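Q: Questions regarding the structure given below will be posed in turn.
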Amino acid sequence: MSENTPPQIKDLLLEKEVQPLFKATLSGGMANIFGALLIYTLLSSTDHKVEALWISGTIILFSLVRIVVANDYQTRNAFQLREYLYTHLLLTLTIGLTWAVYIYILHKPEDAAIRNIAYLMNFGMIAGSITTLSTYRPAYLSYSLPQLAAIFVVFVMIGTPTSYLVAFAVLLSTTFMISASFNINRIHKNEVQLTYNNELLITNLNSEIGHRESVQRELEASKRDLEVKVKERTKDLVETNTSLERVIEKKEMAEQSLQYLAYHDELTGLPNRNLLVDRVGQAIKSSSRDKQQLAILFLDLDRFKNINDSLGHSVGDRLLQEVSSRLFKTLREQDTISRNGGDEFVIVLERLKDTNEAVNVAKKIINCLTETFDIQSHKIHIGASIGISIYPTDGDSPLVLLRNADTAMYRAKQAGGNQLQFYDQSMSSQLRDRLELESELHNALENDEFYLVYQPQVNCINNKTTGFESLLRWNNNKYGQIGPDRFVPLLEETGLIYAVGEWVVSEVARFIRDHQIHDVTFSINLSALQCNNLAFVDYVEKVINKAAINPAQIEFEITETLLIKDFEKTNLFLTKMHSIGCTIALDDFGTGYTSMTYLARLPIDIIKIDKSLIRDIDKHENLKSIVKAIVTMSTSLGMKNIFEGIETNEELSVIKKMSGYIIQGYLISKPIAEEEVDDWLSLDVEEKLAYKKA
Ligand code: C2E
Ligand code: CA
Ligand code: CA
């Protein structure tokens, strides 16, 4: 037992130790009673009869009392353990001492034989009590030591050599018996301790097992919980994943369609001008490597405009599709056919043996297109004018070759149509026309031949006008009205675009100031060249300050091609423009191919969806999904949309469903003259709708 064993455990161990002591009290007591009776019997015939009666009586009495105490402990246990134990010890000591007195008295009897019998019996009882008293060391000592001491003293007092020897033997056996008793005591104590430890171990083990079992149960319960949660989460994840995959698929499809649209003509599925320029470039490279000729056939249908105007768009569209399929059948597989826009087609013939081959192909085309078309029960007759340019004779770049073929086509048309015409450098009257036009253009600004018209942009939910797009017009003294599609490229080529561009800005600013217009934006178209010129931003700022108008009322429209050409420069220009308070719109979106990552990095506020995507959107599902994708992307980039070129109510209702609301198109109004703008702004909803009809 260690020092720090708690007192209650000490008591417990003591109890277990001394239990055998109480148990053996009856047998020990009986031994003493019989011993006392025997000695009395031996002494009853001697002089010591009276003392013997007293002493034997005392021993018997105390032995009986001790038996009663031990029995009380075992049966009733009414007092503390230590009370019983010390009473027992006291009684044992008394018995031992009484025996010692007895032994001392006996040293004198005349009869040595009686004495020796008595001493032997004492010895026997002392030895026997090793088994009954050793479990409690003080008990054994208090019983044996007085008696042994008395025997020892008696033999020393006898004083003979033999008695000395006996005394010595008594001493020796005392040592042996005490050590034997102590050994038994130690073994007994160890046993008790061991049993106790084992019990403790078992109790601990049991409680440990119990604890583990409950932990195990908790673990299993939480494992089951977890499994349920994992299952739920997995299900959620799988669902999210599938819906994400669907979204990605849709987005990819939309992007693919956009990509396709960027290089193909929606109506006929033929390559468009972008792809054509690319293909011609490649053809030029391989022709120059192989020292081969190639021909560009520029084809324009005769009378197409009349048919479109008289029979309607849908017939016109069907006709264009028919034309493209006839061209397909007539031409070889390796020839490129593309639609240039409107009723213009371009055919590229590679690896020409001679120019005659180009003539033959052109004739075949004209023949196949002169045959009657049967469209929606209309019998339609058209013709085709074809201009031809040859590489390397008529140019060595795609644009030059295309322009020259175009010039030749124009000649064919002027000559009455339905014929082919080779490009002829020396006699290019178109070129001359162009030069004429160019020189006219140089004086147009001074002569005040330019003016602006304004096309309203309207919120189709409440029919409020949100803005106007300013569109440039040229009324030339000599040639009359010339469309922007013709003169804007010339302005760019001649560099006049800078001066004219500045004029447009000052004109718009003046208009806003003079008419005191607020809360309505005016957008201004910019050509790519202007966006390379940072000084233009300073000019705009100056004009806005001078006119004292809100810079947020001025919006600039730029085109996609610009973004792709020089991203960093454009970004700088747009950021500067943005910083003076003007907004930026991306024009004609959907005709080129701009990566969304570009857009996200530019300060663009509005994306104008091109009219080619709006045209007949109610009839074409793929247009719908493309426009939807554009709207979604714009919204996610925090940009607004303007839907351009809305001509019908059907188109409008599709756009409305996509929650598009700023619209611009003939359905609302064609571009109006500046004198009409004030009127327009003062009209209410119904009047506006009536206005466009008038
Ligand atoms: P844009 O910027 O795409 O202008 C829109 C064109 O679509 C305008 O033709 C407009 O009249 C036309 N439009 C509007 N609504 C409809 C519709 O519902 N259906 C149809 N079929 N067309 C509609 P416009 O005025 O002939 O201008 C042609 C292009 O000339 C413009 O295309 C723009 O790129 C350029 N442009 C016009 N003014 C300027 C200018 O001041 N500066 C520069 N750099 N370019 C200009
Ligand atoms: Ca525009
Ligand atoms: Ca546009």
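Q: Quick one: in the stretch 326-341, which of the residues that are in contact (Cβ under 8 Å) with a residue 12 or more places away in the chain and under 50 Å from the mean Cα position of the chain (by Cα) is most open to solvent (accessible area, probe 1.4 Å)?
A: Top of the filtered list is 334.
Q: Just to verify a result, which residue in the stretch 434-448, among those that are touching a residue at least 24 places away in the same chain (Cβ under 8 Å) and not in a helix (DSSP H, G or I), is nearest to residue 485 (Cα to Cα)?
A: Filtering the stretch 434-448 for residues that are touching a residue at least 24 places away in the same chain (Cβ under 8 Å) and not in a helix (DSSP H, G or I), the one nearest to residue 485 (Cα to Cα) comes out as 445.
Q: Which of the residues belonging to the stretch 592-634 are within 16 Å of ligand 3 (Cβ to nearest atom) and assigned to a helix (DSSP H, G or I)?
A: Within the stretch 592-634, 611, 612, 613, 614, 627, 630, 634 meet the criteria.
Q: Does residue 218 satisfy the criteria of being modelled with pLDDT under 90, assigned to a helix (DSSP H, G or I) and out of contact with any helix residue (DSSP H, G or I) (no Cβ under 6 Å at 6 or more places or on another chain)?
A: no
Q: What number of residues in the stretch 635-666 are in a loop (DSSP other than H, G, I, E, B) and either crowded, with 16+ Cβ neighbours inside 10 Å or more than 16 Å from ligand 3 (Cβ to nearest atom) (or both)?
A: Looking only at that region, the number is 12.
Q: How about the stretch 529-554: which of its residues are β-branched (Val, Ile, Thr) and within 43 Å of the chain's Cα centre (by Cα)?
A: 537, 554
Q: Every residue in the stretch 640-655 that is within 20 Å of residue 521 (Cβ to Cβ) and away from ligand 2 (no atom under 16 Å from the Cβ), please.
A: 655
Condition check ((1) loosely packed, with under 13 Cβ neighbours inside 10 Å; (2) over 21 Å from residue 415 (Cα atoms); (3) under 60 Å from the mean Cα position of the chain (by Cα); (4) not acidic (Asp, Glu)) across all residues:
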residue: 344; (1), (2), (3), (4): no, no, yes, no
residue: 363; (1), (2), (3), (4): no, no, no, yes
residue: 367; (1), (2), (3), (4): yes, no, no, yes
residue: 399; (1), (2), (3), (4): yes, yes, yes, yes
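Q: Could you please give the count of residues in the stretch 439-471 that are hydrophobic (A, V, I, L, M, F, W, C) and over 50 Å from the mean Cα position of the chain (by Cα)?
A: Final tally of qualifying residues: 6.
Q: Within the stretch 288-310, can you find the residues that are without any contact (Cβ under 8 Å) to a residue 24 or more places away in the chain and acidic (Asp, Glu)?
A: 309
Q: For the stretch 341-389, give me the residue count where each residue is of a type in the set (A, V, I, L, M, F, W, C), in contact with a helix residue (DSSP H, G or I) (Cβ under 9 Å, 6 or more places away or on another chain) and under 16 Å from residue 301 (Cβ atoms).
A: Counting residues in the stretch 341-389 that are of a type in the set (A, V, I, L, M, F, W, C), in contact with a helix residue (DSSP H, G or I) (Cβ under 9 Å, 6 or more places away or on another chain) and under 16 Å from residue 301 (Cβ atoms) gives 12.
The values are calculated or read from the model by the stated rules, or taken from the named source; none is laboratory data. What you are looking at is a predicted structure, and each value in this text was computed from that prediction instead of being measured. Every residue, glycine as well, gets a Cβ built from its backbone with ideal geometry; the counts of neighbours run over all protein chains shown. Ligands, DNA and RNA are excluded from the accessible area calculation, which covers all protein heavy atoms including side chains. Shrake-Rupley method; radii C 1.70, N 1.55, O 1.52, S 1.80 Å.
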